[in-house]
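Q: I have a structure I would like to understand better, so I am pasting it below and will then ask my questions one at a time.
The values are calculated or read from the model by the stated rules, or taken from the named source; none is laboratory data. Keep in mind it's a predicted model, so treat the numbers as computed, not measured. Don't worry about glycine lacking a Cβ; one is built from the backbone with ideal geometry, like all the others, and counts go over all protein chains shown. Note: accessible area is taken over every heavy atom of the protein model, side chains too, but ligands, DNA and RNA are not part of it. Shrake-Rupley method; radii C 1.70, N 1.55, O 1.52, S 1.80 Å.
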Amino acid sequence: MVAFLSGEMKDTVTMSPAASFVLERYFNKRERVKLFRSWAGSASMWIKGGDVIWGNETHAPDDTEDCGHTHGHFLSFRPKEDEKVPRVMENPGAGNLTVTGANDWILSHTPTSYQRMIESNYSFGFERDEKQLKANNHDFRKWTNPLEVQLPNAPSLNIVCVYGHGLQT
């Protein structure tokens, strides 16, 4: 979700002017949008764990004792100096949202076909019960969420991350 809101891919994917011309000539922006909107892969990047992991309206795991604003608000709006209430919060349904609230709000603004696809293929919750964790191994909707299914027993597994390797930060 953060990549959706921040446009993060814009800064990490670059093309030369010649490649951009060829892309636009043979696969224009409208065609790319249509293709990308037909892919469900973006749902795999959805935030998992909900308010259990990320916090709620009153507190979050990374809040300090003396904080005046909770990090449990995933989308948070604060008033400008000349405002009592942020303008965005004057709209119904808008305002400070927890992860669960943000997920619900975003999904309510997507086509029903996308909502059905999400419901039938993905899960974003958190599971504590060991028996349920084992049962979730047989539910393919849970396989993309390590918070709802057991990770494999792989003692010799090595994980290597090369994302951003060599890029200046």
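Q: With the checklist (1) surrounded by 12 or more Cβ atoms within 10 Å (Cβ to Cβ); (2) at pLDDT 80 or above; (3) closer than 24 Å to Met117 by Cβ in hand, flag the one item Gly55 doesn't pass.
A: Single failed check for Gly55: (3).
Q: Has region 76-88 got any residue that is of a type in the set (A, V, I, L, M) and either at pLDDT 90 or above or buried (at least 16 other Cβ atoms within 10 Å of the Cβ) (or both)?
A: No, region 76-88 contains no residue that is of a type in the set (A, V, I, L, M) and either at pLDDT 90 or above or buried (at least 16 other Cβ atoms within 10 Å of the Cβ) (or both).
Q: One residue is enough: does region 14-22 have a residue meeting the conditions within 24 Å of the chain's Cα centre (by Cα) and modelled with pLDDT under 80?
A: Yes, region 14-22 contains at least one residue that is within 24 Å of the chain's Cα centre (by Cα) and modelled with pLDDT under 80.
Q: Taking Leu147 as the residue in question, decide whether it is open to solvent by 50 Å² or more (accessible area, probe 1.4 Å), under 28 Å from Ala60 (Cα atoms) and among the aliphatic types (A, V, I, L, M).
A: Against the criterion (open to solvent by 50 Å² or more (accessible area, probe 1.4 Å), under 28 Å from Ala60 (Cα atoms) and among the aliphatic types (A, V, I, L, M)), Leu147 qualifies.
Q: I'm trying to understand the selection: among the residues of region 116-158, which are part of a helix (DSSP H, G or I) and of a type in the set (A, V, I, L, M, F, W, C)?
A: Of everything in region 116-158, those that are part of a helix (DSSP H, G or I) and of a type in the set (A, V, I, L, M, F, W, C) turn out to be Met117, Ile118, Leu133, Ala135, Phe140.
Q: If you go through region 90-106 one residue at a time, do you hit one that is open to solvent by 60 Å² or more (accessible area, probe 1.4 Å), closer than 16 Å to Lys48 by Cα and modelled with pLDDT under 85?
A: yes
Q: Since Asp139 meets every condition but one in (1) open to solvent by less than 50 Å² (accessible area, probe 1.4 Å); (2) at pLDDT below 90, which condition does it not meet?
A: (2)
Q: Continuing with this model, one more query. Test each condition in (1) in contact with an Asp or Glu (Cβ under 8 Å, 6 or more places away or on another chain); (2) over 25 Å from Val52 (Cα atoms); (3) of a type outside the set (S, T, N, Q) for Leu147 and report the one that comes out false.
A: (2)
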